[in-house]
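Here's the structure, in structure tokens; my notes come after.
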Amino acid sequence: MTNDADRLATPVIAGNWKMNHGPAAAAAFMRALADAHPPRFDRTVILFPPAISLPALARARAGRSDIALGVQNVHWQADGAFTGETAAPMAVEAGAGFAIVGHSERRHIFGERDDEVGRRAAAALEAGLRPIICIGETLDERRAGRLEAVLERQLAAALDAIAHRDADFLIAYEPVWAIGTGVNATPDDAANAHAYVRRLLDARAGRTAGVPILYGGSVKPDNAADLLGAPGVDGVLVGGASLDPRSFAAIANARARED
Ligand code: PGA
């Protein structure tokens, strides 16, 4: 069970570089971010480079322990014949403290199923990584009124797989129609979905009470404050706007607006 000392500072500002920034670019990014973003401990900042750039990013981080690192996926086995996959213990060895699992690109481009996402989350926890479990509906599912059913199905599969483990994970609500499109969910859309996810988490006997719920999908410097100010939004998972150190620093320093 997570104790308070292990609680992450919120908001959580996470940058998912996807398949961008090799080792040299990753190191240059870290130096620029360190200049643009002085250390602060009232929030959690995490970068998710491609796995191959993780060691270079970890080295370039030098003394900046306030900037956490993670990988964009992990396999459910600790080693073996799984060409192209990353094992969670190896990610830990390379400097990761977090792992994204179930990103919509993994689900929709690479065909990852709900049960696999759960196994990946379980393997991350087993290795000492905090998983960020991504869930979210497509535009067709939303239009068909299936938002809640999709979130419930995806969440249940992941939570069932980690039921016997620590509640040391995060959820990212990422509507597929908002990812990489420039069309972010409104703060109200995010608040409604987060409230539903929170109810689903609470239904698990309170074990998951402190689990942060992040919003992802076209988060930019100019909408970050409004999204972070939406009720129930504990942080953001940023794709495109995390690739530039200045725009990521602007999001990492955004103050939640509470209008
Ligand atoms: P985006 O990506 O910010 O480029 O929309 C978000 C994500 O995929 O996590």
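Ligands, DNA and RNA are left out, and with a 1.4 angstrom probe the accessible area of the chain is 43 Å² per residue.
Look at the dipole of the chain built from charges on Cβ: of Ala87, Leu214, Gly111, the Cα furthest out on the positive end belongs to Ala87. Using just its DSSP H runs of length 4 or more, each adding -39500 (n - 2.57), the chain gives a mean residue ellipticity at 222 nm of -10500 deg cm²/dmol after division by all residues. Compared with the direct C-alpha span, the chain from Ala195 to Ile52 gains 47.8 nm at full extension, assuming 0.36 nm per residue. Which of the three applies to the chain, rounded, prolate or oblate, going by the alpha-carbon gyration tensor with a ≥ b ≥ c and a/c under 1.5 meaning rounded? Note, shape of the chain comes out rounded. The solvent-accessible area of Ser65, taken with every protein chain present and a 1.4 Å probe, is close to 90 Å². Within the accessible surface of the range 4-252, defined with a 1.4 Å probe on protein heavy atoms only, the carbon and sulfur portion equals 52 percent. Label zone of Asp66 (point 7 Å out along Cα→Cβ, amide N under 14 Å): in the range 19-33 this covers 33. Protection proxy ranking of 89-95, 51-57, by the mean of other Cβ atoms within 10 Å over each peptide's residues and highest first, is 51-57, 89-95. Its Cα centre serving as origin, the range 16-108 has a Cβ charge dipole (Lys and Arg +1, Asp and Glu -1) of approximately 240 debye. The calculated FRET efficiency for the pair Asp42 and Asp188, based on their C-beta separation and a Förster distance of 30 Å, comes to about 0.70. Could you tell me the center-to-center distance, by alpha carbons, between the range 72-146 and the range 182-221 in angstrom? Comparing the Cα centres of the range 72-146 and the range 182-221, I get a distance of 18 Å. Only one residue of His37, Ala157, Asn20 has its Cα farthest out toward the positive end of the dipole of the chain, where Lys and Arg carry +1 and Asp and Glu -1 on Cβ, and that residue is His37.
Between Arg204 and Ala9, the C-beta separation translates, for a Förster distance of 30 Å, into a calculated FRET efficiency of about 0.80.
The values are calculated or read from the model by the stated rules, or taken from the named source; none is laboratory data. Keep in mind that what you see is a predicted model, and the values were worked out from it rather than measured. A quick note on method: Cβ atoms are made from the backbone with ideal geometry, for glycine too, and the neighbour counts reach across all protein chains shown. Only protein heavy atoms, including side chains, enter the accessible area calculation; ligands, DNA and RNA are left aside. Shrake-Rupley method; radii C 1.70, N 1.55, O 1.52, S 1.80 Å.
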